[in-house]
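Enquirer: Provided herewith is a single structure, encoded as structure tokens, for subsequent inquiry.
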Amino acid sequence: MKQSEQLDLLLRLLYEQPGRHGNPVDLFDTQGISIDTDEAQTLIDRLIEENLIVREQQFGSYQPVRLKSQGIEFVEGTSFAQKGTPIVNHNTNYQISHSTNANIVIGSTNTTISQQAESATKQLLENIRKAVSNDPIVTDSQRQDIVDCVDDVQAGIETGRIPKTAIKQLLDSGSKIASISSFVINLGRALGVIP
């Protein structure tokens, strides 16, 4: 095994350990690979020089090391054997459901984020329909305008094109009606119209 492959393996094994620390000889042994203490010391010295690990308190011949923050970044971003290819390659999926204030960081590497906002917005639209239908203070004209806006917004969500004018009109008229104002505001947040 090449030294670059040994370095990558040691970093990956440390990365996968609870606390991200361990004895290199023991870690390699878990993979069925035998290395002596001199070879382990060479790997340790190189990774310390690269500022990727630190040596922990030594107990006899046991030489534990710990992965540093820079080591974690290295493992997740590149490798010694194949520059630019992460040692660990994993996708993380975040499911964000029924959240009206989900802030998503764009540009994360090896991260896939999916948001199930459609069901939340459908529920909000249904709540607006029910509330406006049951509110005795709302006039027939207001009720019809709001239901038309709700229908336009729902059709837009289903086609993937949210009609901003319908949302703005719904926000304008709905925010003045107590029974639906919170639903309308949460809908605006869920659709990204209100920060």
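The values are calculated or read from the model by the stated rules, or taken from the named source; none is laboratory data. Quick caveat, the model's predicted, so the values are computed rather than measured. Quick reminder, even Gly has a Cβ in these numbers, built from the backbone with ideal geometry, and neighbours come from all protein chains shown. Note: areas computed on protein heavy atoms with side chains; ligands, DNA, RNA excluded. Shrake-Rupley method; radii C 1.70, N 1.55, O 1.52, S 1.80 Å.
Enquirer: Run down the lysines and flag those whose C-alpha is under 25 Å from the C-alpha of LYS130, throwing out any fewer than 8 positions away in its chain.
Expert: In chain and number order, the partners are LYS122, LYS164, LYS168, LYS176.
Enquirer: Roughly how many nanometres apart are two label points built 7 Å out from the Cα toward the Cβ at GLU50 and THR139?
Expert: So the two model labels end up 7.3 nm from each other.
Enquirer: From the phi of every residue in the stretch 134-140, what ³J(HN,Hα) in whole Hz does the Karplus formula 6.51 cos²θ - 1.76 cosθ + 1.60 yield, where θ is phi - 60° and glycine or proline is x?
Expert: Karplus-based 3J(HN,Hα) across the stretch 134-140 equals 9, 8, x, 7, 6, 6, 4 Hz.
Enquirer: If each residue of separation counts as 0.36 nm, what is the full-extension length gain between SER69 and LYS83 once their alpha-carbon separation is subtracted? Numbers along the way, then the final one.
Expert: Values: separation 14, 0.36 × 14 = 5.04 nm, distance 1.89 nm.
Gain on extension, SER69 to LYS83, equals 3.1 nm.
Enquirer: Give me the percent of the accessible area of the stretch 147-195 that comes from carbon and sulfur atoms, probe 1.4 Å, all protein chains in place. Intermediate results must be reported in sequence, preceding the final value.
Expert: Working: 1400 of 2720 Å².
The computed percentage sits at 51.
Enquirer: Residues of the stretch 3-76: accessible area per residue at 1.4 Å, in Å²?
Expert: Heavy-atom SASA per residue in the stretch 3-76 reads 53 Å².
Enquirer: Could you pull out every one of the lysines with an alpha carbon less than 19 Å from that of LYS2, ignoring same-chain neighbours closer than 8 positions?
Expert: LYS83
Enquirer: Measuring with a 1.4 Å probe in the full set of protein chains, what accessible area per residue, in whole Å², belongs to the stretch 117-191? Walk me through the intermediate numbers first.
Expert: Values: 4160 Å² over 75 residues.
Accessible area per residue: 55 Å².
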